[in-house]
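Working notes, beginning with the structure itself.
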Amino acid sequence: MSDKHNNKNGHKHIDKDNADKADEAHQFQAGTSTDREEDQWKFRQPYRIHEDDEKFDAKWKGSCHCGKVKYELSRERPLASKFCHCTTCQRLHGAPFQWATIFKKEDINFTHGIHDIG
């Protein structure tokens, strides 16, 4: 039997017994759990958040445009940078090209909003 059913208006409802499962994020989204195998990426670079007692020499601080995700960079300069004109970048950025910089995974420390990355 399915956990979901449609009411007469076509809206999907979730049974009370399975409500906890529905609250859990999909495996490709950043949920709050860390015990599932699909959530182990949260402990690997670059997504692992450095603890306060670890030495992370932040040279730069930044955030996404809306400010939900904040990060620090420990490298003074990127390893490389590029202009990309591919159609994917054009669609994502709404521009004829985008500028990207390349850093090692260990060079970034997310300080806020890591669970908003999906």
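What follows draws every value from the coordinates through simple rules; no lab data is involved. Predicted model, so just to flag it, every value in this text is computed and none were measured. Glycine gets a Cβ as well: all are built from the backbone with ideal geometry, and neighbour counts include every protein chain shown.
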(request) Go through Lys42/Lys70; Lys42/Lys82; Lys55/Lys82 and tell me which ones have a Cα-Cα distance over 18 Å in this structure. (result) Lys42/Lys82; Lys55/Lys82
(message) Full-extension gain between Asp57 and Phe43, please, as 0.36 nm times their residue separation minus the C-alpha to C-alpha distance.
(response) 3.1 nm
(request) Compute the signed sum of charges (Lys and Arg +1, Asp and Glu -1) over the other residues within less than 13 Å, Cβ to Cβ, of Gln98. (result) +2
(message) Amide H of Thr111 versus every other amide H placed in the peptide plane: which residues, excluding those fewer than 5 positions away on the same chain, fall under 5 Å?
(response) Lys70, Tyr71, Glu72
(request) Would you kindly derive the ³J(HN,Hα) couplings of region 75-80 from the backbone phi angles with the Karplus curve 6.51 cos²θ - 1.76 cosθ + 1.60 (θ = phi - 60°), listing them in order in whole Hz, with x for Gly and Pro? (result) 9, 5, 10, x, 5, 7
